[in-house]
1. Which one of V21, V49, V31 has the biggest mean-square fluctuation once the chain is modelled by GNM with Cα springs under 10 Å?
2. Please list, by residue number, every one of the chymotrypsin sites (Phe, Trp or Tyr not before Pro) in region 14-48 that is coil in DSSP and has at most 12 other beta-carbon atoms within 10 Å.
3. Would you mind telling me which residue in G63, G55, G36 has the biggest mean-square fluctuation in a Gaussian network model of the chain, where springs connect alpha carbons within a distance under 10 angstrom?
4. Pull up all non-local amide H partners of V31: gap of 5 or more, or a different chain, and H-to-H distance under 5 Å with H placed in the peptide plane.
5. Please give the per residue accessible area of the chain, computed with a probe of 1.4 Å over protein heavy atoms only, in Å².
6. Could you work out how much longer the chain between V11 and L50 gets when fully extended? Use 0.36 nm per residue separation minus the Cα distance between them, nm to one decimal.
7. Under the rule a/c < 1.5 gives rounded, and otherwise a/b versus b/c splits prolate from oblate, where does the chain land using the Cα gyration tensor?
Amino acid sequence: MKKETQQIKLVLALVLSLLAVIFVVLNTDTVAINFGLFKFKLPLIIILVLMVIIGVLIGWFWGSNGHNQDKNN
């Protein structure tokens, strides 16, 4: 049962990754980013890739924190 759950999670992660890649590739226009004191222009594809990477890192850290707590309790 545990192996089936891992396979389902893997398939969902792959589908979401594929959708994210398609979305990123379709959005390549240059956009302005305004941080209040400064403003710069970057292609949207770079911003989207950075946001996906940051999201994966946050999910990984958040997920690994939960696993450590389960083992200790």
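1. The residue with the greatest mean-square fluctuation here is V31.
2. For chymotrypsin sites (Phe, Trp or Tyr not before Pro) across region 14-48 that sit outside H, G, I, E and B with at most 12 neighbouring Cβ atoms in 10 Å, the list reads F35, F38.
3. G36
4. Amide H neighbours of V31, under 5 Å, 5+ apart: L42, L44.
5. 92
6. So the extension gain works out to 11.8 nm.
7. Note, shape of the chain comes out oblate.
The values are calculated or read from the model by the stated rules, or taken from the named source; none is laboratory data. The structure presented is a predicted model; accordingly, all values stated were derived computationally and were not measured. Ideal geometry is used to build each Cβ from the backbone, glycine not excepted, and the neighbour counts take in all protein chains shown. Surface areas here come from the heavy atoms of the whole protein model, side chains and all, with no ligands, DNA or RNA. Shrake-Rupley method; radii C 1.70, N 1.55, O 1.52, S 1.80 Å.
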